[in-house]
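See below for the structure under consideration.
The values are calculated or read from the model by the stated rules, or taken from the named source; none is laboratory data. Since we're looking at a predicted model, the values are computed, not measured. Note: ideal-geometry Cβ built from the backbone for every residue, glycine included; neighbour counts use all protein chains shown.
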Amino acid sequence: MIKIERVSVTYPGGVEALKNVDIEIEDGEFVVIVGLSGAGKSTLLRVLNGLVPATSGSIIVDGTEVVKANSQTLRQVRSKTGMIFQTFNLVNRTTVLNNVLMGRLANVPSWRSTLGLWPAEDREAAMLALERVGIVDKTYVRASNLSGGQQQRVGIARALAQEPSLMLADEPVAALDPVTSRQVMGDLQKINRELGITTLVNLHFLDLAKEYGKRLIGLRDGVLVYDGDINKVTDETFREIYGRAITSEDLHAMNEEQQQSVGNGK
Amino acid sequence: METLSDTPIPSQRPPTPKTFHRWFIALPFLVAIIWSVAGLDITLSRLLDAPGDAWLIIKQMIPPAFGEVYERGAVGKIFESVYIAWIGTIIGAFASLPLAFLAAHNVAPLWIRSPIRQLFNAIRAVPELILAVILIPVTGLGAWAGTLAIGIHSIGTLGKWACESIEDIDEGPIEATEACGGKWVSGMRWGVLPQVMPVISSYWLFRFEINVRASAVLGMIGAGGVGSELVSQLSFRNFPAASAVLIMTMAVVLTIDTISAAVRRRIIKGAETTDEESRTLQAITDLTGIRS
Amino acid sequence: MNDSTKTSERPVKPKPRARSFLIALVLLVLTFWAAVKVSFDLSTFWEVWSNPIWSKFWPIPWDWVFTKENTFDPLIETLQIAVASTLLGCLVALPVSFAMSSLTTPNKVVYFISKTIMNLVRAVPDLFWAKLLVTAIGIGAFAGAWSLSIFSLAVMVKLFSETVDAADPRPLEAARSSGARHLPAVKTGVFPTVFPSYVAYSLYIFELNIRASVVLGLVGAGGVGRVIETQRQFFRFDRILGLLIIIFGIVWVIEQISVSLRKRLV
């Protein structure tokens with residue numbers, strides 16, 4: 001269970017990425033987070049495993065306080081939190097297996113992993129993860145020789161190898177074509193259903209979100225503007241989340257009215 | 001012409017920009033030339049005699065006495081220079097690699113990287129020959145002094161180049177190792193090292209090419225290798241033997257350059273898709289910091 | 001586990017090729033052989049501080065170092081060698097580079113001959129040139145300046161002709177199409193675009209020459225190295241250390257100025 005209370009993030013440059021956000025997520029949920037670029041989606045995922053430190057507030061992930069935690073506690077939380085990236089963040093020059101084994105780093109003493117002497121059980125965990133995403137035949141291929149969709153599956157396998165209880169996916173399909181996007185989203189959905197891993201996915205567009213998500217969180221300029229059932233999303237919520245995309249002057253006034261009404265409604 | 005002058009823009013021709021500043025640039029140059037040449041005790045007779053003197057020696061250098069220097073063991077001396085360069089490069093490579101990680105601004109904190117960068121700069125400032133001058137009294141004459149001098153000097157350049165290639169990496173994989181709960185060491189080993197190793201190992205080879213020349217020179221002050229052979233032949237004014245040593249050295253240097261350049265191309269190939277020409281320019285940029 | 005994901009068998013780990021093993025083995029044996037040949041001796045590193053010779057480096061006799069005839073006159077001679085050889089080498093390199101670039105020299109024979117000569121010149125280490133010239137035209141700064149000029153010429157031609165090769169050919173084409181002869185066409189079409197690089201390379205070569213001119217004296221070619229060589233024969237390492245501190249202080253300052261000039265040019 002994840003409990004985010006009054007969390008704000010201000011970057012060193014002075015940009016406020018999150019403003020006083022409150023969210024509660026139950027175990028096993030599949031949550032889709034939408035919003036424009038710069039709305040704070042990436043920041044929201046990264047405060048959960050401490051890659052971005054929260055400026056204020058409290059975040060409890062499976063009973064552990066993440067905000068202002070020491071590095072050892074953070075590593076503990078991260079080892080149980082898988083993360084998938086928009087740009088895959090694979091090491092292109094090494095094999096798929098080595099990439100997936102990175103997911104086992106927290107379980108293996110540093111000297112062993114540094115020398116590449118991975119224990120048999122960790123190799124087995126990596127192989128199982130590769131089997132689950134269906135690319136075990138690519139185990140010994142260099143990551144750079146895979147297609148974009150395959151690379152993202154390696155990214156998912158790396159996260160699965162951690163045997164996580166929480167999965168964070170930061171725009172996992174933004175760099176993929178529509179067909180591959182559906183496959184990757186399907187993989188994530190299956191992992192959520194079969195393994196019961198709580199899954200948070202950032203998406204740019206609502207159409208994919210509606211297809212795969214149950215619960216929707218909408219962010220705009222670091223403010224939580226929607227949190228609820230994805231099937232109850234109306235045209236109104238659409239505009240609340242994406243209003244700024246239309247930059248003509250007349251819409252600005254309307255947006256502000258809506259923002260106020262959302263504030264009152266909460 | 002009529003139509004052109006009819007255009008409705010009544011603009012005036014701008015005055016020719018004043019170019020007197022050119023003289024401000026040229027003047028220091030002139031002063032520098034006069035000052036530097038004045039210090040080189042050049043007399044007209046010396047200037048006129050120099051080409052003749054040089055020609056006289058070139059004439060005596062032909063034909064080169066390969067047989068004589070071979071019997072004196074010059075081939076072994078040349079190989080000793082190569083060994084010195086090889087071991088020196090390995091010392092430099094092993095010592096500089098961990099230091100480079102501690103000097104790169106994207107992976108190391110300021111308090112550790114600034115002293116290490118200063119160390120690289122300080123080492124680079126001192127030529128191998130000067131290092132050898134200091135080391136010879138400590139280790140005694142011979143190849144080990146030259147090896148150490150080359151090894152130490154290589155730490156400076158190799159460290160700087162490695163550090164710069166670490167700063168150029170894609171930082172995504174580091175974020176991924178952090179997100180997996182890995183420590184700093186794991187981030188370096190699995191996030192950074194695979195990315196930079198091809199570039200860094202080609203730098204090692206490039207440094208080896210430079211070090212072969214440097215170790216040949218080191219022999220001139222007694223730090224092992226072929227340099228001592230050249231010096232003694234020239235002091236005996238045995239010019240046929242000197243030219244044989246010179247030609248053999250050139251042959252070895254050019255052979256090593258060619259092989260090493262081919263290996264470097266293979267290492268880098270696949271990593272960059274740039275064509276040959278721009279890669280050469282890239283190498284120049286890397287070496288000199290000059291972008292053309 | 002979903003059976004649809006199990007699309008393929010686990011692959012067998014590929015064995016490293018025999019050739020790679022062989023290369024590694026040969027390199028290893030060569031390295032050991034070379035290490036024996038250079039009498040590799042790690043104990044130098046831990047015995048280095050207990051070596052009694054260090055006491056010969058200390059204390060530094062500053063009143064000997066800070067004198068005109070011991071330090072400053074030879075140092076000025078060093079600078080003069082560096083300045084003169086940079087000017088001469090770089091000036092001669094200008095026409096030679098244009099003659100050696102495939103862009104500006106359509107003549108294949110000239111191109112080939114000049115390239116070969118320059119490669120041969122660069123294959124001889126700089127101090128070999130110095131020693132040769134000392135033997136040919138006598139001990140002193142005159143020989144040193146000549147040898148560095150030759151070396152500057154070779155390095156400059158290498159750097160600059162490649163820049164000319166890569167220059168934009170269109171202005172040259174434009175100049176030719178207006179009926180210009182070869183030389184004026186090169187002057188107006190190519191020269192302005194490559195001139196900043198030329199100046200920057202000259203400064204770089206000046207830095208190389210400063211360092212080289214410090215050591216020229218060790219083979220009798222003038223400058224401050226002559227003093228080092230003399231004191232070395234008297235085992236006065238304390239004086240040498242003092243000299244080196246002064247020399248590298250000054251060399252460092254000059255280099256910093258040159259580097260900052262270069263950065264401003266580009």
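Quick notes on this structure:
- Search result, residues across segment B:126-135 that are surrounded by fewer than 24 Cβ atoms within 10 Å (Cβ to Cβ), touching a residue at least 24 places away in the same chain (Cβ under 8 Å) and either of a type in the set (Gly, Ala, Ser) or assigned to a helix (DSSP H, G or I) (or both): B:Leu135
- Scanning segment B:136-180 for residues being within 25 Å of the chain's Cα centre (by Cα), part of a helix (DSSP H, G or I) and small (Gly, Ala, Ser) gives a total of 10.
- Some residue of segment B:229-245 being assigned to a helix (DSSP H, G or I), within 18 Å of C:Asp126 (Cβ to Cβ) and more than 10 Å from chain C (Cβ to nearest Cβ): yes
- Residues being buried (at least 21 other Cβ atoms within 10 Å of the Cβ) and assigned to a strand (DSSP E or B) - total across segment A:211-224: 6
- So C:Lys131, is it at pLDDT below 85, of a type outside the set (Phe, Trp, Tyr), at negative phi and out of contact with any Cys (no Cβ under 9 Å at 6 or more places or on another chain): no
- Condition met for B:Ile123 (touching a His at 6+ places or on another chain (Cβ under 7 Å), more than 9 Å from every other protein chain (Cβ to nearest Cβ) and surrounded by fewer than 24 Cβ atoms within 10 Å (Cβ to Cβ)): yes
- Take the conditions (1) in a helix (DSSP H, G or I); (2) away from every other protein chain (no Cβ under 14 Å); (3) modelled with pLDDT of 85 or more; (4) surrounded by 10 or more Cβ atoms within 10 Å (Cβ to Cβ); B:Trp111 misses just one of them, which is (4).
- Only listed residue being within 10 Å of another protein chain (Cβ to nearest Cβ), touching a residue at least 24 places away in the same chain (Cβ under 8 Å), surrounded by 23 or more Cβ atoms within 10 Å (Cβ to Cβ) and out of contact with any strand residue (DSSP E or B) (no Cβ under 8 Å at 6 or more places or on another chain), chosen from C:Phe128, C:Phe160, C:Phe151: C:Phe160
- Checking each residue in segment B:2-41 for being modelled with pLDDT of 70 or more and within 15 Å of C:Ala145 (Cβ to Cβ) picks out B:Ala32, B:Ile33, B:Ile34, B:Trp35, B:Ser36, B:Val37, B:Ala38, B:Gly39, B:Leu40.
- Residue that is surrounded by the most Cβ atoms within 10 Å (Cβ to Cβ), among those in segment C:66-100 that are small (Gly, Ala, Ser) and away from chain B (no Cβ under 14 Å): C:Ala93
- Any hit, segment C:228-247, residues being under 16 Å from the mean Cα position of the chain (by Cα), at pLDDT 85 or above and part of a helix (DSSP H, G or I): no
Per-residue answers, yes or no, for (1) small (Gly, Ala, Ser); (2) closer than 29 Å to B:Trp190 by Cβ:
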position	(1), (2)
B:Pro127	no, no
B:Ala143	yes, no
B:Cys163	no, yes
B:Asp170	no, yes
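Each row is one residue, and each column tells you yes or no for (1) touching a Lys or Arg at 6+ places or on another chain (Cβ under 8 Å); (2) crowded, with 16+ Cβ neighbours inside 10 Å; (3) among the basic types (Lys, Arg).
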position	(1), (2), (3)
B:Arg207	no, yes, yes
B:Ala214	no, yes, no
B:Gly222	no, yes, no
B:Asn238	no, yes, no
B:Ala244	no, yes, no
B:Thr249	no, yes, no
B:Val253	yes, yes, no
B:Arg266	no, no, yes
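- Among the residues of segment A:139-152, those identified as in contact with a helix residue (DSSP H, G or I) (Cβ under 7 Å, 6 or more places away or on another chain) and either assigned to a helix (DSSP H, G or I) or away from every other protein chain (no Cβ under 11 Å) (or both) are A:Ala143, A:Leu146, A:Gly148, A:Gly149, A:Gln150, A:Gln151, A:Gln152.
Residue-by-condition table, conditions (1) modelled with pLDDT of 90 or more; (2) aliphatic (A, V, I, L, M):
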{"site": "B:Ile136", "(1), (2)": "no, yes"}
{"site": "B:Ala145", "(1), (2)": "yes, yes"}
{"site": "B:Ile155", "(1), (2)": "yes, yes"}
{"site": "B:Gly172", "(1), (2)": "yes, no"}
{"site": "B:Thr177", "(1), (2)": "yes, no"}
{"site": "B:Phe208", "(1), (2)": "yes, no"}
{"site": "B:Met220", "(1), (2)": "yes, yes"}
{"site": "B:Gly224", "(1), (2)": "no, no"}
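- With respect to (1) more than 14 Å from chain A (Cβ to nearest Cβ); (2) touching a Gly at 6+ places or on another chain (Cβ under 9 Å); (3) of a type in the set (Asp, Glu), the lone exception for B:Glu164 is condition (2).
- The one condition in (1) in contact with a Gly (Cβ under 7 Å, 6 or more places away or on another chain); (2) farther than 30 Å from A:Val31 by Cβ that A:Leu105 fails to fulfil: (2)
- Any chance B:Glu128 is within 14 Å of chain C (Cβ to nearest Cβ), acidic (Asp, Glu) and in contact with a Gly (Cβ under 7 Å, 6 or more places away or on another chain): no
- Here B:Arg113 clears all of (1) over 26 Å from C:Lys56 (Cβ atoms); (2) within 17 Å of the chain's Cα centre (by Cα); (3) without any contact (Cβ under 8 Å) to a residue 24 or more places away in the chain except the condition numbered (2).
- Positions within segment B:61-91 being of a type outside the set (A, V, I, L, M, F, W, C) and away from chain C (no Cβ under 14 Å), in sequence order: B:Pro63, B:Gly67, B:Glu68, B:Tyr70, B:Glu71, B:Arg72
- Helices (runs of 4 or more DSSP H) wholly inside segment A:1-119 that include at least 3 residues being over 15 Å from B:Trp190 (Cβ atoms) and among the β-branched types (Val, Ile, Thr): none
- Scanning segment C:191-223 for residues that are of a type in the set (Gly, Ala, Ser) and closer than 20 Å to C:Ser101 by Cα yields C:Ser197, C:Ala200, C:Ser202.
- Any hit, segment B:185-194, residues being in a loop (DSSP other than H, G, I, E, B), within 14 Å of chain A (Cβ to nearest Cβ) and more than 30 Å from C:Pro125 (Cα to Cα): no
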